[in-house]
């Protein structure tokens, strides 16, 4: 079987079954001393294209997607490590811009590696400390399901860039939000939490599966990115596909015992995640890592 | 200017000057709580070729080169994070073999990421704890310069593989040693220490530059990998080029106040690193990261 057939989740499950990795499906690993650590890569041609993304934005996003995993763990960031692979003909000024973007969130880069490579890739490790990590397995019937901000902007921006349109939402795709303070606040109370990297439909399904309960989301309650209707029309896609079926919004999704931020659904007995719109169930896919 | 003109050391210096990274030239970063963390990548076409390297060996080496940085910091390893980028058509069995190799040194993989990509790359973060990290800046006149094992095997193995010969030293290129116990023992006493990843000539120069002293190495004292003479003849290169000008031996080089392991030289007042052979000075280059 090929990676493209098995998919990322299938691969992680196979690795776990064989005891080759531990808890790799979580946003971040926990180590003694309250240490929380995560690692994510942005690869040219898969996660970004140089035509659409400035080096500075690439750096910012590489830091932000890792800090988002720390946010989902309720952690305070301490340091980044950065490994860059790039072509030898890359201009030094571009690489300095990349690191300037990586530094924008204000977390020091204390190590890493640089290497030649046929494509640009930026792998970041983010380290932080947390007093309480909610994890993904604790959601229980009766919990409120909440998000920290509007969805769909990154998907709309991506599709606009694909059709060559510099819509204002392109910025939402290039510059995901940092929800570190929100993450620490949620971590005090949340029974389960993750960041929305692969789409609400897929990520809610993960939370449901790990927690052994059912999540019911009312799409009418989901906050939408400003200008999403207009952008959806421009690219010929439904707002729900953009807001729940794509990912990269990097808002936090949490199961909490009382309402906080924006309530979009509830946790019930059962299994699976359901998206409801006008009383009907909607089926949406998510981001696939080995296309 | 292009990366290939500036080189890795020039890039790191430029990043440090602008305050974009901190102490990235060290083997590993130090964080509160005795935490030591390092990150290194193996990129297809730069650090390895699939024709010469099995997936299992690739995994082992990706773990080993990072654990070598922990060894050079005198640290006890705690965990690895692994990010794999690979083509969608990669066979799942190959990826499982890769992770089996990554697990061979016995340090648990607790997180990471997987992604599609046009070339295979494996980025590993290794975390450990150390009570005392010698660093690179403390060597002083009068110190002995010591190494933990024989040099040249990896270089010889690499050149044999390039000419299509399955010489026994190919194994030294694929399977670098783990010097964790030696690193912890040296860290108790050493004034400065690093692992030999880029060649004795280049790495000794780094130690000398950071410590503000001169290192004089007697090549006659350098322990050589078994079969190096034969392999050198086979690939038409001098044993000194292989043992001091290539790198990837991953033995530790340390400046210590009394003899330990194998003494290969001494530390004096002055600057630079000199390799002496039969009373003559030898000039050798090292590994360049943006060829």
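With the condition kept exactly as written, say whether any residue in region B:58-70 is at pLDDT 95 or above and assigned to a loop (DSSP other than H, G, I, E, B). The answer is no, given that none of the residues of region B:58-70 is at pLDDT 95 or above and assigned to a loop (DSSP other than H, G, I, E, B). Checking B:132, B:136 one by one, the residue that is under 21 Å from the mean Cα position of the chain (by Cα), farther than 21 Å from residue B:177 by Cβ and more than 12 Å from chain A (Cβ to nearest Cβ) is B:132 and no other. Take residue A:70 and tell me if it is under 20 Å from the mean Cα position of the chain (by Cα) and more than 9 Å from chain B (Cβ to nearest Cβ). Yes. The helices (runs of 4 or more DSSP H) found entirely in region B:122-190 that carry 3 or more residues being assigned by TED's automatic domain parsing to the domain that holds residue B:203 and under 30 Å from residue A:35 (Cβ atoms) are B:180-187. Applying the condition of being within 7 Å of chain A (Cβ to nearest Cβ) and either part of a helix (DSSP H, G or I) or in contact (Cβ under 8 Å) with a residue 40 or more places away in the chain (or both) to region B:13-23 and asking which residue is surrounded by the most Cβ atoms within 10 Å (Cβ to Cβ) yields B:15. Of the residues making up region A:85-111, those that are in contact with a helix residue (DSSP H, G or I) (Cβ under 7 Å, 6 or more places away or on another chain) and either at the interface with chain B (Cβ under 7 Å from one of its Cβ atoms) or farther than 19 Å from residue A:175 by Cα (or both) are A:86, A:88, A:89, A:90, A:92, A:95, A:96, A:99, A:100, A:109. Just one of the listed residues (B:174, B:162) is in contact (Cβ under 8 Å) with a residue 40 or more places away in the chain, surrounded by fewer than 18 Cβ atoms within 10 Å (Cβ to Cβ) and in contact with a helix residue (DSSP H, G or I) (Cβ under 9 Å, 6 or more places away or on another chain), and it is B:162.
Among the residues of region B:24-47, which ones are surrounded by fewer than 21 Cβ atoms within 10 Å (Cβ to Cβ) and more than 7 Å from chain A (Cβ to nearest Cβ)? B:25, B:30, B:32, B:34, listed by residue number. The set of residues in region B:112-125 being touching a residue at least 60 places away in the same chain (Cβ under 8 Å) and facing chain A (nearest Cβ under 7 Å) consists of B:119, B:121, B:123, B:125.
Scanning region B:72-84 for residues that are in contact with a helix residue (DSSP H, G or I) (Cβ under 9 Å, 6 or more places away or on another chain) and within 17 Å of residue B:60 (Cβ to Cβ) turns up B:77, B:80, B:82, B:84. Restricting A:92, A:133 to residues that are without any contact (Cβ under 8 Å) to a residue 12 or more places away in the chain and surrounded by fewer than 22 Cβ atoms within 10 Å (Cβ to Cβ) narrows the list to A:92. Quick one: would you say residue A:56 is at the interface with another protein chain (Cβ under 7 Å from one of its Cβ atoms) and touching a helix residue (DSSP H, G or I) at 6+ places or on another chain (Cβ under 8 Å)? Against the criterion (at the interface with another protein chain (Cβ under 7 Å from one of its Cβ atoms) and touching a helix residue (DSSP H, G or I) at 6+ places or on another chain (Cβ under 8 Å)), residue A:56 does not qualify.
The values are calculated or read from the model by the stated rules, or taken from the named source; none is laboratory data. Values in this document were obtained by computation on a predicted structure and should not be read as measured data. When we count neighbours, we look across all protein chains shown, and the Cβ atoms used for this are built from the backbone with ideal geometry, even at glycine.
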